[in-house]
1. Give segment 15-37 a look and list any residue that's open to solvent by 40 Å² or more (accessible area, probe 1.4 Å) and over 16 Å from V192 (Cβ atoms), or say none.
2. Of everything in segment 143-171, what is within 16 Å of the chain's Cα centre (by Cα) and more than 19 Å from L204 (Cβ to Cβ)? Give them in sequence order.
3. Working only within segment 169-204, note down all residues that are out of contact with any Asp or Glu (no Cβ under 8 Å at 6 or more places or on another chain) and assigned to a helix (DSSP H, G or I).
4. Identify the residue in segment 183-219 that is without any contact (Cβ under 8 Å) to a residue 40 or more places away in the chain and within 11 Å of L158 (Cβ to Cβ) and, among all such residues, is least open to solvent (accessible area, probe 1.4 Å).
5. Just checking: which of the strands (runs of 3 or more DSSP E) contained wholly in segment 1-111 hold 1 or more residues that are within 16 Å of the chain's Cα centre (by Cα)?
6. Run P139 past the list (1) more than 20 Å from I183 (Cα to Cα); (2) at pLDDT 95 or above; (3) open to solvent by 30 Å² or more (accessible area, probe 1.4 Å) and report the number of the one that doesn't hold.
Amino acid sequence: MRIATEDHEVAYMRGTGNRLVVTLGGVGTKPNEMPPFEFVGTASQGGENHVILVTERARTWMNSPDLPVAIVKEIETVVAREAIDEVVAIGNSMGGFMALVLPTLTRVDTVVAPSPQFSMHPNVVPEETRWQKWRRRFPTDLVRQVPAPQDGMRSLVLHGDSPKERIHWARFSPASKTFNHFILRGESHDLVKALKKLDIMRPLLERAMDVKTRKVRKLLEGHFTVLRREDPPQAEQTAPAWPVSEGGER
């Protein structure tokens, strides 16, 4: 089932189990086209999981007035109809940002987010110069930054340690035992490409969805030098963690 508008697409694939996986699409490589759905096969796990797939032409990082409403409506419909026990949100880059915001809007139990931005707002990340084409066109100012983790939510966040990625990972802080943040030494924003090249993207996401954090780290350590967010020297942590939003904004 697919709901398509000029601005976004939301599709649903029914599964046989009691887990719902929501995949949030990234920017993609063709700016004049709707970005493709992402992580379809991994999210489905052979048809076992129910899957909601989301993509957006305008690339607003959840600042569209319509897309969050459409996503929440579809999630809550599936959860009620299919007696879902667990909701997982997955996204890369912009999709990872959206996945981390989604628990403030509706039920999400687990988030898996490779290379998410902490914010796209110029007042929060003034040093960020990428994706300016999209940032200049945001229709609203609904979501300035990733919120602090919701109580009971489990998260796995992955970043490379390049200077441009540090703009974002340095603003996250180790908030709780259920917020797992790994920094991969020597990697860039193209972290998912590196994981796919090593043929470990699918097993990594499957272990993350099952909240097998030790197995996730062990898999990563077989290919990368892995740091936790709290591991890098203080000198590298040049940005504040979870700055307070203004005016009650998320």
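1. T16, N18, K30, P31, N32, E33
2. Within segment 143-171, V143, R144, Q145, V146, P147, A148, P149, Q150, M153, H168, R171 meet the criteria.
3. If the condition is that a residue be out of contact with any Asp or Glu (no Cβ under 8 Å at 6 or more places or on another chain) and assigned to a helix (DSSP H, G or I), then L191, V192, K193, L195, K196, K197, M201, R202, P203, L204 are the ones that fit.
4. L204
5. Where strands (runs of 3 or more DSSP E) fall fully within segment 1-111 and carry at least 1 residues being within 16 Å of the chain's Cα centre (by Cα), they are 19-24, 50-56, 86-91.
6. (2)
Table: residues versus (1) in contact (Cβ under 8 Å) with a residue 24 or more places away in the chain; (2) over 16 Å from A11 (Cα atoms); (3) of a type in the set (A, V, I, L, M, F, W, C).
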| position | (1), (2), (3) |
| --- | --- |
| E38 | yes, no, no |
| G46 | no, yes, no |
| N49 | yes, no, no |
| E56 | yes, no, no |
| V72 | yes, no, yes |
| V78 | yes, no, yes |
| D85 | yes, yes, no |
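The values are calculated or read from the model by the stated rules, or taken from the named source; none is laboratory data. Everything quoted here is computed from the prediction, not taken from an experiment. Neighbour counts run over all protein chains shown; Cβ positions are idealised from the backbone, glycine included. In case anyone asks, the SASA skips ligands and DNA or RNA and just uses the protein heavy atoms, side chains included. Shrake-Rupley method; radii C 1.70, N 1.55, O 1.52, S 1.80 Å.
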